[in-house]
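The values are calculated or read from the model by the stated rules, or taken from the named source; none is laboratory data. Given the structure is predicted, the values throughout are model-derived calculations rather than measurements. Here the Cβ is made from the backbone with ideal geometry for all residues, glycine too, and neighbour counts use every protein chain on show.
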Amino acid sequence: MVSVVYEAPNSIDEAVRLLKESEIPARVLAGGTDLIIQNNSTEDQSRLIVDVKKIDGMLEAKFSKDGLELGPSMCCAELTARGDIKQIFPGLVEAAYLIGSTQVQGRASIGGNLCNASPAADTIPSLIANKAVCIISGSDGERNIAVEDFVTGVGTNCLRVGELVKLIKVPMPSERSSDAYLRFIPRTEMDIAVAGAAVSLALDDDDVCVSARVAIGAVAPTALLVESAAACLIGTKLDVVALKNAARAASESSSPISDRRGTAEYRRHIVGVLVKRAAKIAMQRAQGEKV
Amino acid sequence: MTKAHVTTSVNGDPYEFLCEPGETLLTVLRDDLQLTGTKEGCGSGDCGACSVMLNGRLVCSCLVLGVEAEGADVQTVEGIGNKDSLHVIQEKFLEHAALQCGICTPGLIVSVKALLEENPNPTEEEARYYLAGNLCRCTGYDKIIRAVLDAAQTMKEESAI
């Protein structure tokens, strides 16, 4: 087992300094549901673990006039219990609710799900669909990066040495808009996405879709923003043809692998079906229905 | 390797211990504090046998570092009922024969208590979803769910008195 040095700084500056100056490989600890398992299997001889949960704001979420300011280490159980967040971003909350078990949700965080960068991460498509932006702190100050640009490959992200995600900002959606996330797994619980799809959209007073974002997960090395699928929805009332076109666009954008959870062919098909269904749910929610 | 000094509270009692910074809370509870009610199943957060409450949240203690218990409030199965007076949930597990080998039982008792505190009147479906992270390879779950729903009913009646 790896030999661990543990630090729990109280400030972002201190965390940045620890990560930057460490002579051994350094990792950020939020909920630990990925990291602590990786500790048991890493080839690192020693590791610095920087627990960021004592830093102000890391475990909090609040709405400002611009939208949701989400502390990246807030656990999923706390997020899913927040009625104010669920009301505005039901899709993001349902993605958090699908991660692991009750126990895992008691620790796992959105920021951790994002930084761990699994292709099948449930919250990443929802964050992308909702135009979420990561605020990254480092020794040179702060930089902002859209979630769709944050993950760079399977298990890799754009953080440089000494950087960490300080905040996730999700812009406030306009009137008559909502989101939804669906994933497919062969069981009902405790599994990893075979495919996932998130849709966020806005309607005008005649129920015509005026803006949309579609993101898909588990069907490529990273979650993908599929603008071609969104374009099929915009300007329509999500009729059968529009939904079919969006599904086809999503399937065509995917580049899945075959593994024991499903074949590439199956994943390519099912991700289109999920886009179609998630778009319908998002539309019903935008119309004020409780679904 | 320098050991970390941790001050914490387990089942309301103050505890101090020394641990390796990479050690899990599960290892600390079992090996250092001799609280062996909490079981190790998978060690990877999949089975729920090591479920404890950490600051009021149900977690797998195999996915928590011992050092993270600093200043925390930990509740384990040892804090639920005792030999002379079992908790209603424990009584109902016995009554419904909701255990066979018993390895999953302490984790389930902790999880069921958390469930009934959050939702005193769960439907069968709600109970099954909430407890999906507690695996049992013996009972087939049916008896466990019967015990849970009976415990909920009994606790409701008792609190009405």
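So, restricting to helices (runs of 4 or more DSSP H) that lie completely within the stretch A:93-133, which ones have at least 1 residues that are touching a Phe, Trp or Tyr at 6+ places or on another chain (Cβ under 8 Å), away from chain B (no Cβ under 14 Å) and not charged (D, E, K, R)?
On the way: elements: A:102-105, A:110-116, A:123-129.
The helices (runs of 4 or more DSSP H) meeting that bar are A:110-116, A:123-129.
Got a number for residues in the stretch B:25-78 being on the phi > 0 side of the Ramachandran plot and more than 10 Å from chain A (Cβ to nearest Cβ)?
Of all residues in the stretch B:25-78, those on the phi > 0 side of the Ramachandran plot come to B:34, B:43, B:45, B:48, B:55-56, B:71.
Applying the additional criterion that residues be more than 10 Å from chain A (Cβ to nearest Cβ) yields B:34.
The qualifying residues number 1.
Condition check ((1) in contact with a Leu (Cβ under 9 Å, 6 or more places away or on another chain); (2) surrounded by 14 or more Cβ atoms within 10 Å (Cβ to Cβ); (3) among the small types (Gly, Ala, Ser); (4) at pLDDT 95 or above) across all residues:
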| residue | (1), (2), (3), (4) |
| --- | --- |
| A:Gly32 | yes, yes, yes, yes |
| A:Gln38 | no, yes, no, no |
| A:Ser41 | no, no, yes, no |
| A:Asp44 | no, yes, no, no |
| A:Gly57 | yes, yes, yes, yes |
| A:Cys75 | yes, yes, no, yes |
| A:Thr80 | no, yes, no, yes |
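Which residue, of B:Thr105, B:Thr36, is without any contact (Cβ under 8 Å) to a residue 40 or more places away in the chain, β-branched (Val, Ile, Thr) and in the same structural domain as B:Tyr130 (by TED's automatic domain parsing)? Full working, then the answer.
On the way: B:Thr36 fails: in the same structural domain as B:Tyr130 (by TED's automatic domain parsing).
None of the others qualify; the one that does is B:Thr105.
Quick one: which strands (runs of 3 or more DSSP E) sit completely within the stretch A:155-217 and have at least 2 residues that are over 13 Å from the mean Cα position of the chain (by Cα), within 19 Å of A:Lys237 (Cα to Cα) and at pLDDT 95 or above?
Details: elements: A:164-171, A:177-184, A:195-203, A:209-217.
Filter on the stretch A:155-217 gives A:177-184, A:195-203, A:209-217.
Please find, among A:Thr152, A:Thr222, the residue that is within 17 Å of the chain's Cα centre (by Cα), at pLDDT 95 or above and assigned to a loop (DSSP other than H, G, I, E, B). Spell out how you get there, then give the answer.
Working: A:Thr152 fails: assigned to a loop (DSSP other than H, G, I, E, B).
When all the criteria are applied, what remains is A:Thr222.
Provide a single number: the residues in the stretch B:55-66 that are surrounded by 24 or more Cβ atoms within 10 Å (Cβ to Cβ) and under 19 Å from B:Lys113 (Cα atoms).
Keep residues of the stretch B:55-66 that are surrounded by 24 or more Cβ atoms within 10 Å (Cβ to Cβ), which gives B:58-66.
Subset that is under 19 Å from B:Lys113 (Cα atoms): B:58-61.
Here the count works out to 4.
Filter the stretch B:110-121 down to the residues that are assigned to a loop (DSSP other than H, G, I, E, B) and within 12 Å of chain A (Cβ to nearest Cβ) and list them by number.
Across the stretch B:110-121, the qualifying residue is only B:Asn119.
Search the stretch B:131-153 for residues that are away from chain A (no Cβ under 14 Å) and pair each with any residue that is outside any helix (DSSP H, G or I) and among the polar types (S, T, N, Q) when their beta-carbon atoms are under 7 Å apart and the residues are at least 6 apart or on different chains.
Between residues of the stretch B:131-153 that are away from chain A (no Cβ under 14 Å) and residues that are outside any helix (DSSP H, G or I) and among the polar types (S, T, N, Q), the close pairs are B:Cys138/B:Gln100; B:Thr139/B:Gln100; B:Ala152/B:Asn121.
Pull up the stretch B:7-19, narrow it to residues that are surrounded by fewer than 19 Cβ atoms within 10 Å (Cβ to Cβ) and not aromatic (Phe, Trp, Tyr), then point me to the one that is nearest to A:Asn40 (Cα to Cα).
Among residues in the stretch B:7-19 that are surrounded by fewer than 19 Cβ atoms within 10 Å (Cβ to Cβ) and not aromatic (Phe, Trp, Tyr), the one nearest to A:Asn40 (Cα to Cα) is B:Leu18.
Which pairs do you get when a residue that is surrounded by fewer than 24 Cβ atoms within 10 Å (Cβ to Cβ), found in the stretch A:265-291, comes within reach of a residue that is at pLDDT below 95, reach meaning Cβ atoms under 7 angstrom, with the pair 6+ apart or on two chains?
That search, which allows pairs on different chains as well, returns A:Ile281/A:Val291; A:Gln284/A:Val291; A:Arg285/A:Val291.
Conditions (1) surrounded by fewer than 16 Cβ atoms within 10 Å (Cβ to Cβ); (2) over 17 Å from the mean Cα position of the chain (by Cα); (3) closer than 29 Å to B:Leu33 by Cα, marked per residue:
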{"site": "B:Ile89", "(1), (2), (3)": "no, no, yes"}
{"site": "B:His96", "(1), (2), (3)": "no, yes, no"}
{"site": "B:Leu99", "(1), (2), (3)": "no, no, yes"}
{"site": "B:Pro106", "(1), (2), (3)": "no, no, yes"}
{"site": "B:Ile109", "(1), (2), (3)": "no, no, yes"}
{"site": "B:Lys113", "(1), (2), (3)": "no, no, yes"}
{"site": "B:Glu118", "(1), (2), (3)": "yes, no, yes"}
{"site": "B:Cys136", "(1), (2), (3)": "no, no, yes"}
{"site": "B:Leu149", "(1), (2), (3)": "no, yes, no"}
